[in-house]
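Accompanying notes for the structure given below.
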Amino acid sequence: MHWELIKLRKIHGISQEKMADILGISPTTYSHKENGRYDFKLNEIFVIANIFNKRIDEIFLSNNIRKTNILKEGA
């Protein structure tokens, strides 16, 4: 599941249906993608990052992966 995406979407009061409309996909497909059943396409990832004014890794990489990468870079 894309927990950060779900959190951002809810904070901004955007429904799954609205996100699906923005991305030009069906609400069912969007739901499957948000829940990890299907993968987002690269262009969809860029649009989502732009909507929330976030870097792609802030939305789509888990906190554990980000922390591990930060530790490696600092070593």
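The values are calculated or read from the model by the stated rules, or taken from the named source; none is laboratory data. Remember, it's a predicted structure, so these values are computed and weren't measured experimentally. All Cβ positions, glycine included, derive from the backbone under ideal geometry; neighbour counts span all protein chains shown. The protein model used for the area step is the full one, side chains on, heavy atoms only, and it has no ligands, DNA or RNA in it. Shrake-Rupley method; radii C 1.70, N 1.55, O 1.52, S 1.80 Å.
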What's the local net charge at PRO27, with K and R +1, D and E -1, over the other residues with C-beta under 12 Å away? -1
How large is ³J(HN,Hα) for each residue in the range 14-23, as worked out from phi by the Karplus curve 6.51 cos²θ - 1.76 cosθ + 1.60 (θ = phi - 60°), to whole Hz, x for Gly and Pro? 9, 6, 4, 4, 5, 4, 4, 4, 4, 7
Taking 0.36 nm per residue of sequence separation and subtracting the Cα-Cα distance, how much length would be gained by fully extending the chain between ILE22 and ASP39, in nm to one decimal? 4.5 nm
Under a 1.4 Å probe, counting only protein heavy atoms, LEU42 has an accessible area in Å², nearest 10, of 120 Å²
Largest first, what is the accessible-area ranking of TYR30, TYR38 with a 1.4 Å probe? TYR38, TYR30
